[in-house]
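Written below as structure tokens is the structure these notes are about.
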Amino acid sequence: MNFTTYKNGTTEGYCIVKTADVKINVKGVPYCDLTLSDQSGEINAKIWDYKEDLHGEYMPGDFVKVRGVLSKYNGVDQFKIDRIRHVREEDEVDISRYVPSSEYPGQDMLNEIYTYIDRMNDEELRLLTKAIIKDNEAKLLFWPAAFKLHHAIRGGLLYHTLSVLRLAETVAKIYPSVDRDLLFAGAILHDICKIDEFDVNNVGIVKNYSTKGELLGHLVMGAMAVARKAEELEISEEKALLLEHMVVSHHGDPEFGAAVRPMTLEAEILNQLDTLDATIYEISAAVSAVEDGTFTQRQWALDNRKIFNHGRKTVEPKADLF
């Protein structure tokens, strides 16, 4: 943990509450058992003789400042909290330093996506895509792309979207048969309803799936959002339908959540690029956690494969987007 320890032995710092449970010790006295985290890792912490009216109430995802004493318990670091409070605006702390976050500011990524929209020649697709992004701007700036898998970081949804868009641009340059505007629109909007699929706290961490997310999923909700906005803007039914198809088919196979398989060239390209970007991120994240010349544990998201770190490159889940 990136805490500061002073000469008197007191340690303090900012962190995220990952778990918080009020328990009762053998003497019948309540204590709060917490897991605290930042970008460097996590630590178990205790508030002994816990009193809610004195110490406050804390939930997973809360951004807090703590002060206390670091010690060892059964050989494992443990933090005894003496003082704890929620972070205040006047602390002027950049939350992205304390939660896994995109290395690019959300506003920069959003601005870049708008440049792609403005380059579209098809007026209807440009109008439709921009309107949907505009409606969701505030959440897009910090929303993660997943609960536990690829791009499950603050700002991860824009990160993944822009990565797929960069890949789509390259494919469209190589293959003139590709409808660039349709591919761009699909790349930009394919995951837009992850905003409705997840319950996300104010630090950009998914708490759980929403009820709508569980019952419908982001592919179906995304196609519905495109249909609603297209009707509102009086977009031609044919163009709206092509874009809706890209959204509902971008997982490729019904086994992976697609309502139908891709049936247009642009839909198939989107499926492949979406999978490629997610897979590169997953492999890079897994390999970066093990030493050179060793294998990872089996990765459920990668068909339960072990991945080998050959050590020929410094591997981290990063895309050079700018």
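The values are calculated or read from the model by the stated rules, or taken from the named source; none is laboratory data. All values derive from a computational prediction rather than experimental measurement. Cβ sites come from the backbone with ideal geometry, for glycine too, and all protein chains shown count toward neighbours. Accessible surface areas use protein heavy atoms only, side chains included; no ligands, DNA or RNA. Shrake-Rupley method; radii C 1.70, N 1.55, O 1.52, S 1.80 Å.
Out of ARG67, ARG88, which single residue is in contact with an Asp or Glu (Cβ under 6 Å, 6 or more places away or on another chain), modelled with pLDDT of 90 or more and either open to solvent by 30 Å² or more (accessible area, probe 1.4 Å) or on the phi > 0 side of the Ramachandran plot (or both)? From the options ARG67, ARG88, the qualifying one is ARG67. Taken over the stretch 203-252, the criterion of being open to solvent by 40 Å² or more (accessible area, probe 1.4 Å) and charged (D, E, K, R) is satisfied by LYS207, LYS212, GLU214, ARG228, GLU231, GLU232, GLU234, GLU237, GLU238, LYS239, GLU244. Just one of the listed residues (ILE24, ILE16) is at negative phi, open to solvent by less than 40 Å² (accessible area, probe 1.4 Å) and modelled with pLDDT of 90 or more, and it is ILE16.
In the stretch 183-227, which residue that is of a type in the set (D, E, K, R) and in contact with an Asp or Glu (Cβ under 9 Å, 6 or more places away or on another chain) is nearest to GLU266 (Cα to Cα)?
First, the residues of the stretch 183-227 that are of a type in the set (D, E, K, R): 191, 194, 196-197, 199, 207, 212, 214.
Adding the requirement that they be in contact with an Asp or Glu (Cβ under 9 Å, 6 or more places away or on another chain) leaves 191, 197, 207, 212, 214.
Working: ASP191: 16, GLU197: 24, LYS207: 33, LYS212: 28, GLU214: 28 Å.
By that ranking, first place goes to ASP191.
Scanning the stretch 109-125 for residues that are among the polar types (S, T, N, Q) and under 19 Å from LEU141 (Cα atoms) turns up ASN111, THR115.
In the stretch 173-218, what count of residues is obtained for those that are under 24 Å from GLU123 (Cα atoms), in contact (Cβ under 8 Å) with a residue 12 or more places away in the chain and not charged (D, E, K, R)? Residues meeting the conditions: 13.
Each residue in the stretch 246-272 was checked for being touching a Gly at 6+ places or on another chain (Cβ under 9 Å) and part of a helix (DSSP H, G or I), and 10 of them qualify. Which residues, counting only those in the stretch 109-125, are open to solvent by 70 Å² or more (accessible area, probe 1.4 Å), in a helix (DSSP H, G or I) and in contact with a helix residue (DSSP H, G or I) (Cβ under 9 Å, 6 or more places away or on another chain)? Within the stretch 109-125, ASP118 is the sole residue that qualifies.
Quick check on my filter: what residues within the stretch 270-292 are small (Gly, Ala, Ser) and touching a strand residue (DSSP E or B) at 6+ places or on another chain (Cβ under 8 Å)? Step through it out loud before you land on a result.
In the first step, residues of the stretch 270-292 are kept if they are small (Gly, Ala, Ser); the result is 278, 284-286, 288-289.
Hit for the stretch 270-292 is ALA286, nothing else.
If MET59 satisfies every condition in (1) surrounded by 11 or more Cβ atoms within 10 Å (Cβ to Cβ); (2) under 21 Å from PHE142 (Cβ atoms); (3) under 22 Å from the mean Cα position of the chain (by Cα) but one, which is the exception? For MET59, the exception is condition (1). Within the stretch 276-322, the set of residues being under 21 Å from HIS160 (Cβ atoms), among the β-branched types (Val, Ile, Thr) and open to solvent by 50 Å² or more (accessible area, probe 1.4 Å) comprises ILE280, ILE283.
Can you tell me which of ARG85, ARG119 is of a type outside the set (Asp, Glu), more than 22 Å from the chain's Cα centre (by Cα) and under 30 Å from THR35 (Cβ atoms)?
Working: ARG119 fails: under 30 Å from THR35 (Cβ atoms).
One residue alone meets the criteria, ARG85.
Taking the stretch 126-138 as the range and being open to solvent by 30 Å² or more (accessible area, probe 1.4 Å) and of a type in the set (S, T, N, Q) as the test, only ASN136 passes.
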